[in-house]
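Structure record follows, encoded as structure tokens.
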Amino acid sequence: MEAFDPAELPELLKLYYRRLFPYAQYYRWLNYGGVVKNYFQHREFSFTLKDDIYIRYQSFNNQSDLEKEMQKMNPYKIDIGAVYSHRPNQHNTVKLGAFQAQEKELVFDIDMTDYDDVRRCCSSADICSKCWTLMTMAIHIIDRALKEDFGFKHRLWVYSGRRGVHCWVCDGSVRKLSSAVRSGIVEYLSVVKGGQDVKKKVHLSEKIHPFVRKSINIIKKYFEDYALVDQDILENKESWDKILALVPETMHDELQQSFQKHHNSLQRWEHLKKAASRCQNNSKNDKCGPWLEWEIMLQYCFPRLDINVSKGINHLLKSPFSVHPKTGRISVPIDLQKVDQFDPFTVPTISSICHELDVISTKEEEKENGAESDIKHRTRDYKKTSLAPFVKVFEQFLENLDKSRKGELLKKSDLQKDF
């Protein structure tokens with residue numbers, strides 16, 4: 001894969017926005033079938049340009065308007081905001097207080113840095129295949145709940161381009177939700193609570209909510225390989241002391257002694273489970289048994305959501321198909337059928353797809369040398385690069401949105417016929 005050099009970004013972006021960005025699909029998404037008048041025109045876009053120049057409240061009349069502006073500005077980053085009461089680019093002309101955010105997809109932002117207290121392989125912006133499993137578990141847990149517990153149908157999961165994932169829930173009814181309802185949904189999905197100073201961040205009650213139970217079942221599939229082998233969470237005294245801080249003090253001495261006798265995390269974890277069930281039989285006050293084991297598993301593996309991103313209707317979130325200026329990776333949609341196979345390190349970078357395009361264009365020019373052929377190729381240039389399968393995932397998502405929109409319109413017309 002072509003190595004990404006940030007110094008080349010301005011030139012690469014010109015090519016990317018001119019020939020590779022999937023404008024038609026992008027517009028088809030945010031226009032939502034044109035059902036609501038001015039829905040696309042009232043949407044806020046925000047562009048971050050070179051040297052962190054930040055332009056908010058951009059809005060566009062149509063696809064070609066958006067294309068022209070993106071090709072003129074070549075933004076380093078694109079963020080999508082809410083659909084407002086008025087056109088965002090005219091917000092200064094609207095009388096004070098009248099310009100209001102009205103609708104937006106329900107969004108979730110999961111960032112690897114929020115797991116720094118429980119991952120041992122990397123910290124801050126770094127990720128590796130050993131900790132990416134946290135994102136795999138997060139997608140499975142949150143997506144299952146959105147689909148089964150809430151009944152949301154249209155969920156677009158996107159790789160952020162560096163160290164996290166985003167989810168856009170796009171159902172019509174969901175885009176209308178108030179900030180209070182959004183907060184309630186995030187609250188429902190939050191199990192790990194407390195800042196850096198709080199050691200024990202998970203407290204289960206005796207009756208375990210089905211959402212938590214189902215989440216534990218998902219974590220169980222990954223826990224041994226991820227936590228005990230890759231992260232080796234009971235490798236040495238320093239690492240097991242962190243876990244002892246999560247169990248009742250009455251168990252500390254016995255566990256310290258037995259941990260020293262055992263040779264690896266797998267054996268130590270087995271011993272901890274046995275000790276917890278013994279403690280359950282003897283203890284009246286401390287919560288032990290499987291609860292203890294589950295609390296540790298949840299603290300080390302359960303998704304950590306950025307609540308503010310989901311709560312605010314006017315909160316901006318990085319757009320799909322935006323380029324990450326530090327890694328050069330494209331924010332690509334993730335295929336929900338292949339979450340376990342998704343590898344952030346094989347996601348195309350802007351340099352790799354521009355290079356692929358160059359190679360192909362050179363070959364084609366040699367073949368044809370015809371001027372009019374250029375127009376024909378331009379429309380489907382991304383199909384010739386490794387961006388193609390990700391655009392296909394996006395198109396499948398749009399297909400489902402279209403189908404259910406048509407279904408709703410038919411339902412409405414049938415109801416009207418009944419009167």
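Computed packing ranks the peptides 305-313, 27-35 as 305-313, 27-35, most packed first, by mean other Cβ atoms within 10 Å. Accessible surface for segment 211-258, divided over its residues, is 50 Å² per residue with a 1.4 Å probe.
Between amide H atoms placed 1.01 Å from N, distances below 5 Å from residue 102 occur with 83, 84, 85, all of them 5 or more places distant or on a separate chain.
From the alpha carbon centroid of segment 93-161 to that of segment 307-364 is 15 Å. Straightening the chain between residue 361 and residue 129 buys 80.1 nm, computed as 0.36 nm per residue apart minus the Cα-Cα spacing. Taking Cα atoms only, the orientation of helix 350-368 departs from the longest principal axis of the chain by about 40 degrees.
What angle do you read, to the nearest 10 degrees and between 0 and 90, between the alpha-carbon axis of helix 265-282 and the longest principal axis of the chain? So the helix axis and the longest Cα principal axis differ by about 60 degrees. Going down the list 242/311; 201/273; 176/221; 37/384; 68/363, which pairs span over 24 Å between their C-alpha atoms? Correct reply: 242/311; 176/221; 37/384; 68/363.
Summary value for segment 205-351: 18 percent relative contact order, contacts being C-alpha pairs under 8 angstrom separated by 6+ residues.
Per atom type, segment 1-118 shows carbon and sulfur on 47% of its accessible surface, probed at 1.4 Å. Rg and Dmax of segment 1-74, based on Cα coordinates, read 14.1, 44 Å.
Computed over segment 75-209, the percent of Cα pairs more than 26 Å apart is 39.
Modelled this way, with points 7 Å down the Cα-to-C-beta line, the labels at residue 62 and residue 402 are 1.9 nm from one another. Contact order, relative form, for segment 282-345: 13 percent (alpha carbon pairs under 8 Å, 6 or more residues apart, mean separation divided by residue count). What segment 5-49 shows is 36 Å² of accessible area per residue, with the surface traced by a 1.4 Å probe over protein heavy atoms. Measuring nothing but alpha carbons in the chain and taking Rh as the Kirkwood radius, the Rg to Rh ratio lands at 1.03. Rolling a 1.4 angstrom probe over segment 136-228 with all protein chains present gives an accessible area of which 50% lies on carbon and sulfur atoms. Please tell me which of these pairs span more than 27 angstrom C-alpha to C-alpha: 193/403; 237/274; 193/392; 193/220? Beyond 27 Å between Cα atoms: 193/403; 193/392. Stretching residue 250 away from residue 410 to a fully extended chain increases their span by 51.2 nm, per 0.36 nm per residue minus the current alpha-carbon distance.
The values are calculated or read from the model by the stated rules, or taken from the named source; none is laboratory data. Because the structure is predicted, anything quoted here is derived from the model rather than measured. As a convention, Cβ positions derive from the backbone with ideal geometry for all residues, glycine included, and neighbour counts pool all protein chains shown. When the accessible area is computed, the model is the full protein with side chains, heavy atoms only, and any ligands, DNA or RNA have been set aside. Shrake-Rupley method; radii C 1.70, N 1.55, O 1.52, S 1.80 Å.
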